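Okay, structure first, notes after.
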Amino acid sequence: MMSSILEFLGDDSKSTGLLVLLAVLIRVLTGLSGYSGAGDPPKYGDYEAQRHWMELTVNLPVREWYVDSPVNNASYWPLDYPPLSGYQSWLCGVALRAAEPAAVALVSSHGYESASSKTLMRWTVIVADLLIYIPACLVAVAVFYPSPDTSAAAATAGSASSPAASPTKTPSSTGTAAASTCASPAGALPPPFSHSPSFSSATALSAAARRGRLLALFGLLFNPALLLIDHGHFQYNGISLGLTLAAVAAIARGRRLLGGVLYVAALNHKHMALFFAPAFFAHLLGWALHDPAHRGVPAKLLAVAKLGATVLLAFAVCWAPWLHSRQALLQVLSRIFPVRRGLYEDYVANWWCASSAALKWKSRFPPHLLLRAAAATTLAAAAPAMAHQIAGGGGGGGGGGGPSRWGLVRCLVNSGFAFYMFSYQVHEKSILMPLLPLTLAAGREPTLAAWLPLLACFSMFPLLVRDGVGLPYVAAAAVYGAVMAGAALQQARQLQAERRAAPRPGALARVVDAVTGLMVDLWPLLAAAGVAAAAALHGARLLLPAPPHLPWLYDRAFITFSFCGFAAAFCYSQLAQWLEEPVGSGPVAVAAKQRAARRLKDE
Amino acid sequence: MVIKHGSFGVLCLQLAVVATAVKLLLLPTYRSTDFEVHRNWLAITHSLPLSKWYVDATSVWTLDYPPLFAWFEWALSQAAAAVDPAMLRVVNLDHDSAATVAFQRGSVIVTDLVLLLAAFWLARDVAATGVASGGGGGSGIFSGPASSGSRAAPPRSTSFSGLPVDSRSSAAALAGRRGVALFALLALNAGLLLVDHIHFQYNGAMMGVLLLSLAAARTGRHLLSGVLFAVLLNMKHLFLFAAPVYFVYLLRHYCFETTGGSSSSGSSGAQGNWAARGLTRLAVLGAAVIAVFAASFGPFVALGQIPQVFGRLFPFGRGLLHAYWAANAWAPYAAADKLLVLAAPALNRQLGWAALRVDAEAVGSANLAGGLVKVQRFAVLPQITPSITAAAVLMALVPCLVGLWRLGRAAGHVAVGPGAAPASSRQHVRRVFARALAYSCLCGFVFGWHVHEKAIIVALLPLAVDAVCSRLAARRFLVLSTAGHYGLLPLLFRPEEYGTKVLLVASYFAVAATALGALHGDAASPHARAARTGGKRNAGLALGWLQRAYLVGFVAVELYCSVVHERVPALRERLPFAPLMLTSVYCSLGVLGVWGDIAFEWSGEALGYPSRSSFGADT
């Protein structure tokens, strides 16, 4: 039985191409709407900030980009992102200048808004997506959801030193394949909208594996939160996120040095990628400690040193123009990390903002204390996930050591959530960070990947509606929900059937399995209740004006509702990292999965 | 991957949500003067008495749609009053407050529900038909002897032995996918998105009524079908082109139906019953249709305004060609005229006598300098009058009408297709109706007087019904939709919408090509079976080289129009009309090709010679 129009697509290049084409279309359509600060002098919004950076970078020498001056005023959208953003602004600025010089003229272009420059600006974001984010999505999906023949190729290509690329996960994927053929006799039918693999079932993925791959691809390409922020509100998050995704894919394929460089690039485009730093650090450290190729302490140290040197070198390249003096470097750093901003901005669905209803953090405590508290809680929240990776969680299959690639993805989710929830100076858009690895994991956490991006949009609604992105908000969320929900539920049921066939050992695992099993069974009900509650809040906001003495009532309600969802997802995700990718019992876990597959086959 | 009954609805619902989301996203785009046209009609119908509806000329955009559409506007205006009463004042010309824009855009999206509903009904019927006729292939539009199949006809003896074991379930699955694909092709039609949701019109709702009428005919509810068509005709008289086909179909295959019933031929008693039943049905149908017309035009008859109303509805003073030429038969004609004007001096000099007489006055009136080639009179070629276009349309329709009439007679010995379970001949005729309807609308587009480029959509949507069932029709649909949609692009001329319009058309092409290719390349489709038994590779749509070249040619045309022409000053200055002329003429080639293809097929049908396609295995 088909549950989603997504299942009309196959795993061939034609279907993927179609999906990419539609992803570009929805980006263009989203861009038809308003943007942050449209027609709102004197400071406008993020759109003007990006345009202003283009103006600065094309008109000033590189060394003056971060230096205060009459034309580069610290009070008017100073360049406060790391150098790669500056370089990208310069590239976009050059393109904009070629088409419409007035749009980037020094000073005189402040607040420049024209229909043609808006279209051009929109296209720079789309081109950036086409060059970085979308290819990264395709590569990451190919690495994490390999078709049987490519995973075999990876196994032969991957040497002993790269256990993650060796077929550690093959047993589980055969498990899904076996399960799917049992669950639906039609699973063996050829994928409907692709005829190349029609008659060669050896190259065609099983229905469940294909669905998992499509869920991840669709989730990454159509994530409504990212669409609305980058192509509605106006930012270039896709670049940093795409580079992060590419880094994850590279590391999963055993190319750790390349992964390190790509992550440094992501970090140097937008320092919000720091949210992922604990995960990358812990994963690579875990690899250095546990990989069987690293026998003895010197080998482990050498591995760490090689990574460290590569990362430092990559940093040096990015920062080259400012390395000539300590003062220049500090000037850039002070621009990038303005501690003068508060604990959080506006209304964010994180711990500090949500709990500020009960305790006014900002007024009760001095900023430096809050900064420390934020750092400590963030680290504490990320610690379990880091420990899991450093201990080599999920690894051990196929004779290899080190943490598994899925462990890395789950650690990225947790580390992203830890920063979103507890770190200093978080804004609404930071929720994009945990969403990235989460949508990549859509084949394994289908229901989570279906509702969290929608909840993320909901949590950003006050911002979006201020930007005039209300209509795209409805449209992008509707498309995502409509296409994703059915297929995600189908996938979740399949995974649940597998789990029930082979219960995991341990009381905690049994409790979690029982709860998640119940949630999957009740999913239509829960989803309906969630949508109804969100719709009710929207309706109330639209129809009933907030009481005069509680003007923030609706914003508060929106973020409290979102916070509950995020907190639940974070807690589950913490547990799931340990349960899904067990530490130290790699071979045991693999054996259990094989047993499950066999049992399903026998049934 | 069998699509169960429940999940079919879910899949269509998902597509409907996606379609509506796209429409919402298009809300802030460019609006043509049609936005003001419809605002004015809202105002006229809301604030003026009936007697002034077709008289008022406060705005230049006078009411020129038939009365039922005016009533449609009146119904909308009741809701509009609650949103922004200012839009309902006739004197508030060009009123476009944010609320008005949201309301008018929203009204198009909401009334599009008629289209979605009709698409669902048709799609469900297509999905169910395949299951009902079992062993696959029976859902072909024209099923008949396989001998004349051009490329994929299997030897007759293997037609059943070649079936896969699970042919019944996979044929059912294929039928379900056909239904979903049809819903997607209808609900997400790029032409309607461009014309209704950017340019601004209400074609979706009216196409919905046409498709409802078609679905009613397919499911045997002929009286309903006839009434719905009468309603439609009274909303937009463009659909007049389809009236002859409706007339023949309802007369021959409803009133005086001979197919399907076993007792229809035989004793004279049965003959008498048949005649009596026919006359009763004709009377009832006629009365119903007349009632619709009476409700529509009656009040104006009473007011004595019929000449005034008809003067508004049929403004023949407008000229053969719209400002921008629609991609029909007159586009190459007009282009030839233009080229002959340019060539005439040299040619006459060469020949030594005035072989070509150039009408200097006509050259003066044809504005060659502007981007638009406005033609009032042809300078060299013979003039085309409204009666010539009417005659051309009728002549083009004759084979279809005759063929449709004869279908009933031929119906006794159809349905022995390759591997096809015999669909009842009654079912067969009802399915052919979609093709006849598409053809008649296409004839109107190709030869009609003052045709708008948008009218191609009217022919496209019925053809989609055919396209999901027949590979030949799928190829035609792909060519016609691409040519038709590309021909719409000049309507949206602002640079801001460039990416949107091109991507919408390209995406629709990609979705249609992938979906139709997969349907006709499916393991359960007749072609795939034929290819397997014949040891050939399964080729999906199997587009011919000419079709491929033509489709690729659009990339070249687009490159010329939007890149080369702009960059080369000599071209821009000397041939300012080239992009629009090239677009019209190139699109018309595809439209004429498809028209000729279907016309040839109907001619064979009319003459009693089943052509390669109509009775071939190429279903």
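Assorted remarks:
- Qualifying trypsin sites (Lys or Arg not before Pro) for the stretch A:327-432 [loop in DSSP, other Cβ within 10 Å: at most 16]: A:R340, A:R341, A:K360
- Sorted by Cβ density within 10 Å, fewest first, the residues A:K118, A:K43: A:K43, A:K118
- log₁₀ of I(q)/I(0) at q = 0.07 Å⁻¹ - chain A, Debye sum with one point per alpha carbon: -0.43
- Here the calculated FRET efficiency for B:F310 and A:R466, from their Cβ-Cβ distance with R0 = 45 Å, stands at 0.25, rounded to the nearest 0.05.
- More than 14 Å apart - percent of Cα-Cα pairs taken over the stretch A:513-555: 61 percent
- Dipole magnitude (debye, nearest 20) for the stretch A:46-112, charges at Cβ of Lys, Arg, Asp, Glu: 180 debye
- The alpha carbon centroids of the stretch A:523-537 and the stretch A:68-140 are separated by 39 Å.
- If you take the Cα centroid of the stretch B:164-239 and the Cα centroid of the stretch B:464-485, the two points sit 14 Å apart.
- Candidates A:F315, A:L284, A:N350 compared by Cα position along the dipole of the stretch A:279-351: farthest toward the positive end lies A:F315, with charges placed on Cβ.
- Mean residue ellipticity (222 nm) of chain A, computed from DSSP H runs ≥ 4 via -39,500 (n - 2.57), nearest 500: -21000 deg cm²/dmol
- The label-point distance for A:S75 and A:I336, in a model that sets each label 7 Å from Cα toward Cβ, rounds to 2.7 nm.
- Helix axis angle, A:367-390 relative to chain A longest principal axis, alpha carbon, degrees: 20 degrees
- With the simple model of a label 7 Å out from the Cα in the direction of the Cβ, A:A535 to A:D346 spans 2.6 nm.
- Cross-link partners for B:K52 among the aspartates and glutamates, with Cα-Cα distance under 14 Å and sequence neighbours closer than 8 places in the same chain left out: B:D64.
- Relative contact order (percent, whole number), chain A, Cα cutoff 8 Å, 6+ residue spacing: 20 percent
- Within 10 Å of the Cβ of each residue in B:584-595, the mean number of Cβ atoms contributed by other protein chains is 0.
- Going from the fewest other Cβ atoms within 10 Å to the most, the residues A:V104, B:V227, B:V60 appear in the order B:V60, B:V227, A:V104.
- Using distinct alpha-carbon pairs, which all enter the 1/r mean, Kirkwood radius of the stretch A:46-112 in Å: 11.5 Å
- Around the Cα centre of the stretch A:328-429, unit charges on the Cβ atoms of Lys, Arg, Asp and Glu (plus for the first two, minus for the last two) sum to a dipole of about 220 debye.
- Burial ranking of peptide ranges A:551-560, A:452-461 (average Cβ count within 10 Å, highest at the top): A:452-461, A:551-560
- Positive end of the dipole of the stretch A:46-112 (Cβ unit charges, origin at the Cα centre): among A:S108, A:W90, A:V67, the Cα lying farthest that way belongs to A:W90.
- Checking the cross-link pairs A:K270/B:K23; A:K43/A:K429; A:K43/B:K501; A:K270/A:K362; A:K43/B:K23 against a 28 Å limit on the alpha carbon distance flags A:K270/B:K23; A:K43/B:K501; A:K43/B:K23 as lying beyond it.
- Charged side chains reduced to their Cβ positions (Lys and Arg at +1, Asp and Glu at -1) give the stretch B:450-579 a dipole of some 540 debye around its Cα centre.
- Computed from the C-beta positions of A:L518 and A:S355 and an R0 of 35 Å, the FRET efficiency is 0.75 to the nearest 0.05.
- The ranking of A:Y76, A:Y263, B:Y333 by Cβ neighbour count inside 10 Å, starting from the fewest, reads A:Y76, B:Y333, A:Y263.
Every number here is computed from the coordinates shown, using simple stated rules; none is lab data. Model, not experiment: these values are computed from the prediction. When we count neighbours, we look across all protein chains shown, and the Cβ atoms used for this are built from the backbone with ideal geometry, even at glycine.
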